[in-house]
Every structure is written in structure tokens, then in C-alpha cells.
1. In Å, what Rg and Dmax follow from the Cα atoms of the protein assembly as shown?
2. Translational diffusion coefficient, Stokes-Einstein: compute it for the range A:253-339 using the Kirkwood radius over C-alpha pairs as Rh, at 25 °C and 0.890 mPa s, and state it as an integer in µm² s⁻¹.
3. Need one value for A:343-350: mean number of C-beta atoms belonging to other chains within 10 Å of its residues' C-beta atoms.
4. I'd like the orientation of helix B:92-103 relative to chain B: the angle between its Cα long axis and the longest Cα principal axis, in ° from 0 to 90, rounded to 10.
5. Give me the mean projected area, in nm² to one decimal, of the convex hull enclosing the Cα positions of chain B.
6. Could you report chain A's accessible area per residue, 1.4 Å probe, as an integer in Å²?
7. DSSP beta bridges in the range A:24-242, what fraction antiparallel, as a percent rounded to 5?
8. Considering all projection directions equally, how large on average is the shadow of the alpha-carbon convex hull of the range A:145-191, in square nanometres?
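The values are calculated or read from the model by the stated rules, or taken from the named source; none is laboratory data. What you see is a predicted model, and the numbers here were worked out from it, not measured in a lab. No Cβ is skipped: glycine too gets one built from the backbone with ideal geometry, and neighbour counts run over all protein chains shown. For accessibility, only protein heavy atoms count, side chains too; no ligands or nucleic acids. Shrake-Rupley method; radii C 1.70, N 1.55, O 1.52, S 1.80 Å.
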Amino acid sequence: MATGQYVPHAPGYVDSPGEKIVTSRFVYDDSYTLERYEATGGYEGFKAALQKAPDDVHSITRDATLLGRGGAGFPAGIKWGFCPDDVWPRYLVVNGDESEPGTYKDRLLMELDPHQLIEGCLIACYAIGLTQCFLYVRGEMAVAQQRIADALNEAYAKGYIGQNVLGTDFSVDIVLHWGAGAYIVGEETALIESLEGNRGMPRLKPPFFPAAVGLYGQPTIVNNVETLSNLPWLMNNGADKYKEFGSETSPGTRMFAVSGQVKRPGVYEVEQGVTTYEDLIYGNDYCQGMLDGRELKMFVPGGGSAPWLFPEHVKLPLEARPVGAAGTMLGSGAIVIMDDTTDAVKACLRIVRFFARESCGKCAPCREGTSWEEKILQRILDGHGRPGDLDLLLDIGDNISPGPYPVAGFEAEGLEPVPFPPRQTTICPLGPSSVAPITSALRRFRHEFEAKIAAANETSVEVIA
Amino acid sequence: MSRLSDANVALAKDIIRRYPRPKSALIPLLHLAQEQEGWVSDEAMAHLGELVGVTAAEVRGTCTFYEMFKLHPVGKYMVNICTNIACQLLGGEELLHHAEQTLGIRAGGTTNDGLFTIEDVECIAACTEAPCIQVNYRFGLRLTHDDFDDIIAALRAGNTPEKLITANPGEVIPSHGTLGLSRQVMTEVQTTHIVAPEQVTEAPVWLATSSKDS
Ligand SMILES: Cc1cc2nc3c(=O)[nH]c(=O)nc-3n(C[C@H](O)[C@H](O)[C@H](O)COP(=O)(O)O)c2cc1C
Ligand code: SF4
């Protein structure tokens, strides 16, 4: 039973020093109830927003440089401004489809503080005139769906949502919607297709971005759960206060899920640009070092789609710009730590298999390419690799993402990393994402691949003879 | 027989009203069909098509895109074992292998008694708690092979396994098809008037008044 007590460790979340903008209630075991929410300043940010003109609420968000937390890192306030002036109605779609390998923060935000997310939605809707909001929760997250359903029912009953909210002329509906298992639906145009009841296949963009032509062809803002969860704090404290945390280009905090072979894996909320990968991996307040005293071999710095980083990069601050300049991305804030016992071929295959399975099949380079990448890596791992396989892998990658692929960690080879994002022959970035683990593993650990292929071919020669 | 029951038709109509266009309700309605039957049958798809005004083929088109919808009967408990990168590093594949051995089925298969189906799944967003599984979409975290056996034994005995996390402590693990145990309730009284987009031509009133003020 929820007792309102302080719980230092809800499964997955680890409390740490520093300002908590979105996880402040996670330490209570009744964090998801309206009672706890209202007792800890809940819905105050929304009430403060209602006192202001909608434009001012939009300006605060713009001034705070609240960057999107879904992966692309686009400033929310600027995206909101892309809605055409005189096309109505406009919709809000909340992206709670979190399925990027290694990523989980949105699930905790939805399970542990659903009212904070709802309040964020209300603020966004008020600011830019969105009359209906769809909260799209990943299908597999049954507990999150249940908590959000309960929270929405409570919030409707209290008059925070519905017709003439809190006696004002602001009216909005928030509808809980849920998916049914498809990673690609996290891509915003696929999310919209799915919400229209269709197969979740991305739409071609440009020319039309969802803010101009989205759900039912209407202007639609798609924002990530964590992005919107920042808004209540922002309305309570203002943009200047928000910018006191984090760095100039990436203000505020971010949630990072650090998993893999570390002593104390967990989801941590830290200031952007101040904390480094090293702090997270080795810091006493965070993961406390590698498991069993082993050595770091490589790590995924921002979700399965991100090119890998290596031990020489641990000093990089957790901030979009420097990580991007190193040839990878902060992405969805998922950090997967791999130690020196990890087989680079096996790890690479596992991530590639994910993209092969999740490709929606709409464009040929991705549909065919990802499954060939998987087959070739599988045969290398199984000891049936062929001499030309490594070139073939890179060639297939080049068909999906032409030109130099963003890579990190080639300073040692005197190469400049190519900044993220890569070029693509595909409709969406899923196809190119499958190339990230391949170029990362192959350029750094080519000898591991070659050894497996050489062993395979020695054996087959003996068998024939 | 596999059409929606009368109670579920009423619920379906209530869900359809929440969307500016009826077809948007299709995924929640497919879940409703799966909740009733444990899987999604041809009859159910045809019925949903009637309810939202599309053909049975269109319903099938949507349904077959999504992994959670099962087009044939599956076990009462869907055991999803994650083998994606974070779990792989900490024994997810070994756990899957253990599950296959103890239940005597391969991933994708169902036990003869119809109780368990196991699946080898992609990341389920609990990476720091690897290796992890979901049973009917309730999490089991940091599982040893013994923990896994305990979960299976408890489910066989009809109990809620201690190691599975539910929204409220001690809640039952419902049969496959049921997701959250509570639903959003939207009655006409509480909501603004949800209409098709072409019926709205003007800026919402609170924006209009505020721009007049300024
Ligand atoms: C293949 C793919 C998967 C994505 N998955 C997610 C996701 O699960 N959750 C999410 O918020 N954004 C995801 N995104 C990013 C969204 O397209 C979109 O940029 C984001 O939801 C916008 O919200 P934000 O601006 O608040 O970050 C994905 C993008 C791609 C290309
Ligand atoms: S890149 Fe892959 S996932 Fe994206 S639209 Fe093309 S086929 Fe679908």
C-alpha cells in the first residue's frame, strides 16, 4: 500500500544530489496520487499559466530553450511556433511510445508522476490553442496506462480537464491512447498514422512537418513525455531560474538511464552539460564504477541508434552539442555500458537485429538492408563468415546512408568524426540507425570480426581437404 | 461468438466518441477484442470494421502491423523475455534459454496446458533492472533463474507472483489481453465537444479573447 513514505529507490530510479525538475516526487511511494501531487505544488504551474496570456506562456517556454527530450533535441518553444496562424483545430500528441534500446525515463514519468505529465499537457494546450490532446502510451506499458487512466479520471473530476477548466474559458480534452507493439511508431509521423488507426508507417517529410500538417491533416504538436513534464516546474519558477541549471545551449536537467555492466545501474536526473559520462559511470553518487572491477570497452551514448563511444570519451559532458561534435548523439538519454568481456560482434548483431525486426518495410534500402545486415552478422558470429563480408556490410550501410557515416573515436587514426545526423536514402532515420553499431564496431574492433571470419575459413578449408 | 459482447459494444462506442474520426479508435478496440477473447479473430475484426466504418480488410491491415495482437490463441500468460542489448549483457539470453528448457517450448510457442506462451522480445524499458521480463505486461526485474521458476510456480498455483510488479500491490495478473485494470471514463458531461476537424473553423475562444485584450 502507498503510505506516503520516503522510498529512496523506486525500481530503476536512483536519487542523486542536485535539483530535481521532473523526478522530485519519485522518492515517495504514493508519488502517482493526486493527493501527493497537490500536496507538493501540483497544478500550481498550470494555475499560474492560466493567469497569463497564452502568448506569454509560449514565450517562457521559448526563452527557457526547453529542448525536446525524445531524441532530436529540437527546442519545444520554437516547434510550437511552427503552427500556421489560421488553421484550426490544432492537436497535441504526447509521445509515450518509448522503445529505443536502453531507454527508459518516460515509463517512470508516466508510472510515478502521471499528474505532472497531465499538467504539462494542459500548459502546452493553453499556450498555443490546442483543443484536444492524445496521450499515446506504449502498448506494453500496462502499469503506466493504468496509472494515467486513474490520474485522468481524477483530474477530470476535479475540473482540471474538460469544459471551462477551473471556471475559465479554457477547454480541453485529454484522451489516453495506447499502442500495440511497434518501435517505429515512436517516430512522430508514424505515431500520427497509428493514431489515425493505420499501420504505423512514417510519412515523408519534408515538405510537411506535423506542426503544419499532422493528425487528420491538421497542425499537430508532437512532444515527448519528458519534454512536457518540465513545463509545470518551468511555469512555477520561470525561464531565468530554469537556465540557472545546465549549460547555455542545453539548460535544465535530463534523465539518463545508465544500464549494462556497472555496479549501480539506474535512472538519474542530472544537470545537462555539467555532469560527464565519467561522473555517471564512476561517480559515487551514480553508478559507482564497472561491475566486478572490469574495464570499460565501449558504450552506447544515447540509445541504440547512436554511434558508440569509447573509454577516451568519458570526459564528454552530457550535452547535445559536444556529443554531436564527437560524431554521435545524446538521443534519448540511454547509456549502455559494456565491459572488456563483451563480444563486439555479438553486441553489434543484437542492436542491428533490433532494427531489422522493427523496420516498417516502407522503403527498400531499410527493409532489405537491415535484414541483410543481420544475416551477415549472424553468420560471422556463428562461424560461417565469408572473406568479403565486412566490405559487404559497409556497402549495404552505404546504400542506406550514403557518404561518410558519423563515427566517434577515430582521433587515434587521425580521422575527424562526421557530426550527427547522417545522410539517408530512406523515409525515416530508422534505416540509418542500423548502420551506427556496424560502423562503430567495425572501425574500432575490426580485428574481432576478422578473427571470426578467418577461423571460419580455416575450418572450411580443412573440411574440404 | 467472437464478436464483441453487448457490454463491450457499449464500451467500444464510448471509446469511438473520444476521437474526431472513428478509425482512430481501432487500436484500442483491437485491444478490447483481445481482452475479451485472448486473441483477435476474423469475426472480431469484421465486427470492429462495422463499428468504425471501415472494411474488415482495413482492420486486418492495421492489426497485423502490431506485434501485441495475436491472430491465433496464445497462453493465458504471455511471458516476454527481453534479450536486447542491456539485458543481453546481464544474462537475458540465458534466461530465455532457461525458460525454454523449463517450459519445454521454444520462443513463440505455447505450453500444452495453454497456460504459457514465451516470446523473445525487444527492449521493454527496464534496462537498469536487467535481466527483465514481462508477464502479461507486468514487470519482473533482475531475475535469477530461480526467480523465474518461482514466478511460473505461483502462476500455476493461481497466485500473484511476488516478483511481478503491478500498479497496486497484490493486484491480480489478468489473463492475456487485459492491459491496465482501470479505464479512462469520459462521459459527455465532462468533455468538450469532440467533433470532426472540418467542423471547427475558428481559433479556440481563450486565444481569441486574449489576442483581443493585447
Ligand atoms: C525511429 C524513431 C523512433 C523514435 N522513437 C521515439 C520515442 O519512442 N519517443 C519519443 O519521444 N520520440 C521518439 N522519436 C522522436 C520523435 O520522432 C519526435 O522527434 C519526438 O517525439 C518529438 O518530441 P520532442 O521534441 O519533445 O523531443 C523517434 C524517432 C525516430 C526516427
Ligand atoms: S527507414 Fe525503415 S522504418 Fe523508416 S520508413 Fe523506411 S522502411 Fe520504414
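1. Taking only Cα atoms of the protein assembly as shown, I get Rg and Dmax of 24.4, 90 Å.
2. 199 µm²/s
3. 2
4. 70 degrees
5. Projected area, direction-averaged: 16.3 nm².
6. 33 Å²
7. 10 percent
8. 4.3 nm²
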